[in-house]
Amino acid sequence: MIISLSTFGQFSYLFLLAPILIADFVIFLIFHSIIVKYKKTIIATVVFFSFIWYFLVDPLAVKVLHIWFYNPDKILNIWIVGTVIEEFLWMILVSFLFSALTIIFIEYQNKKRKEKSSEI
């Protein structure tokens, strides 16, 4: 059985966010101590500057330049500062995902360096 996005109606874009939300949740559960202990400031900063970017670029691209549009049948039609709420959720989830993955990668590299230097 093939499920089309049209099946979800106004929740279609939210449905597309589900895998990212699940990835965020799993990463947070697995690496909770690394993320919360002393890196939450980095994630908050990334999300904050992403908000600024979206407040500037998304309304310009959608409302002024008409670079893309949102199908009104597939969104909740809740608009905030010129863009749909699904876009803000996307920004928060993706910003968290990539900032958390970056922190985890850096911590992993630092751990490897410490192990390597202790062997010498």
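The values are calculated or read from the model by the stated rules, or taken from the named source; none is laboratory data. The structure presented is a predicted model; accordingly, all values stated were derived computationally and were not measured. Quick reminder, even Gly has a Cβ in these numbers, built from the backbone with ideal geometry, and neighbours come from all protein chains shown.
Things worth noting here:
- Neighbours by Cβ (under 7 Å, 6+ apart or cross-chain): first from the range 76-88, in contact (Cβ under 8 Å) with a residue 40 or more places away in the chain; second hydroxyl-bearing (Ser, Thr, Tyr): Val84/Tyr70; Glu86/Tyr13
- Qualifying positions in the range 59-79 - under 21 Å from Ala18 (Cβ atoms) and surrounded by 13 or more Cβ atoms within 10 Å (Cβ to Cβ): Tyr70, Lys74, Ile75, Leu76
- Ile75 being more than 14 Å from the chain's Cα centre (by Cα) and either modelled with pLDDT of 90 or more or closer than 26 Å to Thr7 by Cα (or both): yes
- Residues of the range 9-38 classified as farther than 16 Å from Leu101 by Cβ, touching a residue at least 12 places away in the same chain (Cβ under 8 Å) and either out of contact with any Phe, Trp or Tyr (no Cβ under 8 Å at 6 or more places or on another chain) or not in a helix (DSSP H, G or I) (or both), total: 4
- Meets criteria (within 30 Å of Gly9 (Cβ to Cβ), within 20 Å of the chain's Cα centre (by Cα), in contact (Cβ under 8 Å) with a residue 12 or more places away in the chain and part of a helix (DSSP H, G or I)) for Val94: yes
- From Asn71, Asn77, residue being in contact with a strand residue (DSSP E or B) (Cβ under 8 Å, 6 or more places away or on another chain) and under 23 Å from Phe11 (Cα atoms): Asn77
- Taking the criterion of being assigned to a helix (DSSP H, G or I) and not aromatic (Phe, Trp, Tyr), the residues of the range 48-81 that qualify are Ser50, Ile52, Leu56, Val57, Asp58, Pro59, Leu60, Ala61, Val62, Lys63, Val64.
- A count restricted to the range 18-57 and to residues that are over 15 Å from the mean Cα position of the chain (by Cα) and either more than 17 Å from Ile104 (Cβ to Cβ) or among the aromatic types (Phe, Trp, Tyr) (or both) stands at 5.
- Criterion (modelled with pLDDT under 90, in a helix (DSSP H, G or I) and exposed (fewer than 14 other Cβ atoms within 10 Å of the Cβ)) met by exactly one of Thr102, Thr41: Thr41
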